[in-house]
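A short worksheet on the structure shown next.
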Amino acid sequence: MNQATDHSHIPDWGVDLDPARRPAVPMERTPPRLEGLHWDRPAQQPHTVEVLHSIERPGITPVFGTSVPPSGLSGWIRRRAFRRSESDLRHWMLLLLADRVNVAEGLVEDVQRSPRARAAAFGVAGAALAVWMLRRRRRA
Amino acid sequence: MLATTYRRPYRVRAAHVPEPAIEHPDDAIVRVTRACICGSDLHLYHGLVPDTRVGSIFGHEFTGVVEEVGPNVRNLKVGDHVLVPFNVFCGTCASCSHELYGNCENVNPEATAIGGAYGYSHSAGGYNGGQAEYVRVPFADIGPTVIPPDIHVEDAVLLTDVVPTGYQAAEMGDIHEDDTVVVFGAGPIGLMAARCAWLMGAGRVIVVDQVDYRLDFARRFAQAETVDFREVEDMALHIKKMTDWQGADVCIDAVGCEADGNFMQTLTGVKLKLQAGAATALHWAINSVRRGGSVSIVGVYGPTFNAVPIGSAMNKGLTLRMNQASVKRHLPHLIEHIRAGRLKPRELITHRVPLEEVDEAYHRFSAKQDGCIKTVLIPPRAGRIDTPTPVARPASSNLH
């Protein structure tokens, strides 16, 4: 701790100096000061899409996000990742691998959906084919 | 609807996607009025967070108008303008019953180590985020807070993460009168933590970063001393010299896994992914704090492991405290601070851009271009928002 200094140039210095004014002191406070709660246990959200869950818990949680269910090769890798616990490094490394595979799947999806991307892909493929054929003819 | 969708590392896209629906009787659908890009969104943007799926909608800082409520919702009504804490939480589990809303056990099936958060990968529950025109909000009766009429929407959107996280960062440092507080990182969270350190009675506040405009901002916004780590050969030694060889009383890591400043940490943590990000700031924090001091961590790291000097932390008798902010428990106090003019969060906002330009906005924030500190996205259907009537600021409650 340093010697007391002049803080008059700091607006509102020390208004929360008393720890009792700090809302997260103590760190754990019970019962919680939470208004509006009217359930003892959350109702279960209907299970409409595939949701992977950590094997460190017994099943899915009462509420969950439903964005982008696992699919394709990346989904296959993710399902394998979730066979391992969170404390197993391979769980996370497989998920990172799945993310990279998913990026490639996303690029293919872009090509399929966008006429401009499809034209560009065909252009690149055509150019590559032309270069390959030209080289073959030169060798011959 | 229009939404910020992830495509690949360093690439997001404003794309048209289906609108969200009520999926649980306690849900609400909110039409987003303002959304922010957070520094931790950059970890997603850079492809560092495991289980970030292509097509996911980003965004965990947002305000919006309630458009639809589920059959069990009693306290919110259609038309309410709300701020939505970034934590998804149930209110009843063991963690929530101790006000640890960032550690809820009932909202994230994918990971037990992580709570639920909007738009932050499937590792945080797989919820779509608020950088969109509409978003699904679970547990609508306890999560969202109706924005008080005298609170500006731009202050409200920063109350969803930046202000509570910055405040909690300082709070976890257990600051005593006249303590020396070093904040690593001059992003929005670090700047807010530095400002809040003064409110808790710090004697000196020192902010460390390498970006000139951010250090300048720290001097103006937080009245902090600054250190440019590019000009310092050894950070711990430098802080010791600044503190009469004692070290700081409190060090706050407001950087997380993409820290610059140490080649080996960057190589192994960011480039090669051999550890869960570069723990440079945490390394500096542990080595710069005094014996018996406190280190507070709000910077985000990955779920695997990091090379940090835990032996020094033990031998120095440090207190290490860390968590995701429990936003809801801080809100009444922080709203009071904003009303009184003690905190002025919207001064952090440097860019206000349409949602359609989100790709460029992410790039600008990631590359630290154009003086970017905080970007607010405005969706096309945000609608007009009335500016609140300013309230007279009460006499200063400076206790000194």
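The values are calculated or read from the model by the stated rules, or taken from the named source; none is laboratory data. What you see is a predicted model; the values in this text were computed from it and never measured. Quick reminder, even Gly has a Cβ in these numbers, built from the backbone with ideal geometry, and neighbours come from all protein chains shown.
Miscellaneous remarks
- Members of segment B:225-277 found to be in a loop (DSSP other than H, G, I, E, B), modelled with pLDDT of 95 or more and under 25 Å from the mean Cα position of the chain (by Cα), listed by number: B:A254, B:V255
- Selection count where residues are at the interface with another protein chain (Cβ under 7 Å from one of its Cβ atoms), surrounded by 12 or more Cβ atoms within 10 Å (Cβ to Cβ) and not small (G, A, S), scope segment A:31-55: 10
- Segment B:327-357 - residue that is in contact with an Asp or Glu (Cβ under 6 Å, 6 or more places away or on another chain) and within 10 Å of chain A (Cβ to nearest Cβ) and, of those, farthest from A:R29 (Cα to Cα): B:R342
So that you can scan it fast, the table gives a plain yes or no per residue for (1) farther than 26 Å from B:R329 by Cβ; (2) in the same structural domain as B:D41 (by TED's automatic domain parsing); (3) free of Cβ contacts under 8 Å to residues at least 40 places away in the same chain; (4) hydrophobic (A, V, I, L, M, F, W, C):
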{"site": "B:G173", "(1), (2), (3), (4)": "no, no, no, no"}
{"site": "B:D178", "(1), (2), (3), (4)": "yes, no, yes, no"}
{"site": "B:G187", "(1), (2), (3), (4)": "no, no, no, no"}
{"site": "B:G190", "(1), (2), (3), (4)": "no, no, no, no"}
{"site": "B:A193", "(1), (2), (3), (4)": "no, no, no, yes"}
{"site": "B:W198", "(1), (2), (3), (4)": "no, no, yes, yes"}
{"site": "B:D209", "(1), (2), (3), (4)": "yes, no, yes, no"}
{"site": "B:L215", "(1), (2), (3), (4)": "yes, no, yes, yes"}
{"site": "B:A218", "(1), (2), (3), (4)": "yes, no, yes, yes"}
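- Residue check for A:L95: assigned to a helix (DSSP H, G or I), in contact with a helix residue (DSSP H, G or I) (Cβ under 9 Å, 6 or more places away or on another chain) and either among the polar types (S, T, N, Q) or without any contact (Cβ under 8 Å) to a residue 12 or more places away in the chain (or both): no
- Selection within segment A:56-103: residues that are at the interface with another protein chain (Cβ under 9 Å from one of its Cβ atoms) and charged (D, E, K, R). The member of this set that is surrounded by the most Cβ atoms within 10 Å (Cβ to Cβ) is A:R78.
- Restricting attention to segment A:113-127, the residues that are loosely packed, with under 11 Cβ neighbours inside 10 Å and of a type in the set (D, E, K, R) add up to 2.
- Any hit, segment B:122-143, residues being touching a Ser or Thr at 6+ places or on another chain (Cβ under 7 Å), more than 9 Å from every other protein chain (Cβ to nearest Cβ), among the acidic types (D, E) and more than 12 Å from B:V84 (Cβ to Cβ): no
- Residues within segment B:94-107 that are surrounded by 24 or more Cβ atoms within 10 Å (Cβ to Cβ), touching a residue at least 24 places away in the same chain (Cβ under 8 Å) and not in a loop (DSSP other than H, G, I, E, B), tallied: 2
- Some residue of segment B:82-93 being within 7 Å of chain A (Cβ to nearest Cβ), of a type in the set (S, T, Y) and surrounded by fewer than 24 Cβ atoms within 10 Å (Cβ to Cβ): yes
- The number of residues in segment B:47-81 that are under 22 Å from A:T66 (Cβ atoms), more than 10 Å from chain A (Cβ to nearest Cβ) and hydrophobic (A, V, I, L, M, F, W, C) comes to 4.
For every residue, the table says whether it meets (1) touching a His at 6+ places or on another chain (Cβ under 7 Å); (2) crowded, with 21+ Cβ neighbours inside 10 Å; (3) more than 29 Å from B:S294 (Cβ to Cβ).
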site: B:H330; (1), (2), (3): no, yes, no
site: B:H333; (1), (2), (3): no, no, no
site: B:R339; (1), (2), (3): no, no, yes
site: B:P345; (1), (2), (3): no, yes, no
site: B:H351; (1), (2), (3): no, no, yes
site: B:E356; (1), (2), (3): no, no, yes
site: B:E360; (1), (2), (3): no, no, yes
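- Hits in segment B:207-228 (condition: of a type outside the set (D, E, K, R) and away from every other protein chain (no Cβ under 12 Å)): B:V207, B:V208, B:Q210, B:V211, B:Y213, B:L215, B:F217, B:A218, B:T226, B:V227
- Single unsatisfied condition, B:P148 versus (1) in the same structural domain as B:V250 (by TED's automatic domain parsing); (2) touching a helix residue (DSSP H, G or I) at 6+ places or on another chain (Cβ under 7 Å): (1)
- Out of A:G75, A:G59, sole residue that is assigned to a loop (DSSP other than H, G, I, E, B) and either within 26 Å of B:A21 (Cβ to Cβ) or touching a strand residue (DSSP E or B) at 6+ places or on another chain (Cβ under 9 Å) (or both): A:G59
- Index of the failed condition, A:V25 passing every other in (1) surrounded by 15 or more Cβ atoms within 10 Å (Cβ to Cβ); (2) among the β-branched types (V, I, T); (3) facing chain B (nearest Cβ under 7 Å): (1)
- Residue pairs meeting the criteria (Cβ under 6 Å; at least 6 apart or on separate chains; first of a type in the set (K, R), in segment A:112-131; second in a helix (DSSP H, G or I)): A:R118/A:V111
- Residues that are part of a strand (DSSP E or B) and within 11 Å of chain A (Cβ to nearest Cβ) within segment B:1-43 comprise B:A3, B:T5, B:Y6, B:R7, B:R8, B:R11, B:R13, B:A15, listed in sequence order.
- Residue list for segment B:144-174, filter: assigned to a helix (DSSP H, G or I) and either among the hydroxyl-bearing types (S, T, Y) or on the phi > 0 side of the Ramachandran plot (or both): B:T165, B:Y167
- Test: residue in segment B:154-172 that is surrounded by fewer than 24 Cβ atoms within 10 Å (Cβ to Cβ) and not acidic (D, E): no
- Every residue from segment B:303-356 that is in a loop (DSSP other than H, G, I, E, B), among the β-branched types (V, I, T) and assigned by TED's automatic domain parsing to the domain that holds B:D370: B:I349, B:T350
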